[in-house]
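The values are calculated or read from the model by the stated rules, or taken from the named source; none is laboratory data. Just so you know, these numbers come straight off a predicted model, no measurement behind them. These area figures cover heavy atoms from the full protein model, side chains too; ligands, DNA and RNA do not enter into them. Shrake-Rupley method; radii C 1.70, N 1.55, O 1.52, S 1.80 Å.
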Amino acid sequence: SPTDIETSDGPRHATVEFFTAEEFKERMADLFETFGADVDKWESLPSMLDGIGTKYANERGYHPENEQKAPPEINGKWKDLVRLSESVSGIRANLGKSTKTVNGSGRVADDIRPFIALQKADDTPSTEVFAVKKVTIRGDIPGLPPGVVFKDLAGVDAPDPRARQETMAAIPTLDVPVFVKASDKPSINDAEAQLIGRVRESDVHGVALNRT
């Protein structure tokens, strides 16, 4: 989920905003369309998933989960669809919820992890993350004055094309974009190359980091 970190006076806390049901369907429409599925039936995805994969395989000659035959983008979207099917109950329970405040009983990062990551701190699946629209963390960070904002964007590998578009559109508004790349995947794909090109043409200074 997109996450902002804003430095301010006072203890650290976070606010979590959730999608409405209609916003969620709009965000997931492209993912469902990729496999010829109806996003309006997302709540039935667990029982539909096998049929969706079989239909796709019959039409294309390969199953989307087949990493040897399916294009990486298709394989990645299939994994997202599988995760979505495993999270239906958590999504349903959180869509349309009012903004939630997380005061942080311990480390704020651990307390908000279920809302920004696919797995919780104990490595169990996070079923509510797909329902989260945005997380904002506020509080004092030693060495930084109030008013500094760090934006963790959705990136260009997000299943929703609008998330990718929003990431690209945000680049010119940043003072210093930081491009984080996994060290075990050193090659640059087409989407990442476009992102780097966007940084170059936006007259901002970018930083690239390897994540181990």
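A 1.4 Å probe run over the chain, with the rest of the protein chains in place, finds 59 Å² accessible per residue. Within the same chain, lysines fewer than 8 places from Lys79 are excluded, and of the rest, those with a Cα less than 16 Å from its Cα are Lys69. Within the chain, all pairs of alpha-carbon atoms sorted by distance into 5 Å bins from zero give the percentages 1, 6, 12, 16, 18, 17, 15, 9, 4, 2, 1, 0. Plainly put, the stretch 28-75 has a radius of gyration that is 0.96 times its Kirkwood radius, both from alpha-carbon atoms, as the Rg/Rh ratio. Measure off, as a whole percent, the carbon and sulfur share of the 1.4 Å-probe accessible area of the stretch 1-139, all protein chains present. Of all accessible area on the stretch 1-139, carbon and sulfur atoms account for 46 percent.
Between the Cα long axis of helix 21-34 and the first principal axis of the chain there is an angle of about 50°, rounded to the nearest 10.
Pairs with C-alpha atoms separated by more than 22 Å, drawn from the list Lys77/Lys100; Lys77/Lys133; Lys25/Lys97, are Lys77/Lys100. Tell me the angle of helix 72-85 to the major Cα principal axis of the chain, expressed in degrees between 0 and 90 and rounded to the nearest ten. The helix 72-85 is inclined about 90 degrees to the chain.
Rounded to the nearest 10 degrees, the inclination of helix 190-201 to the longest alpha-carbon principal axis of the chain is 30 degrees. Antiparallel beta bridges, as assigned by DSSP with both residues in the chain, represent about 60 percent of the total such bridges.
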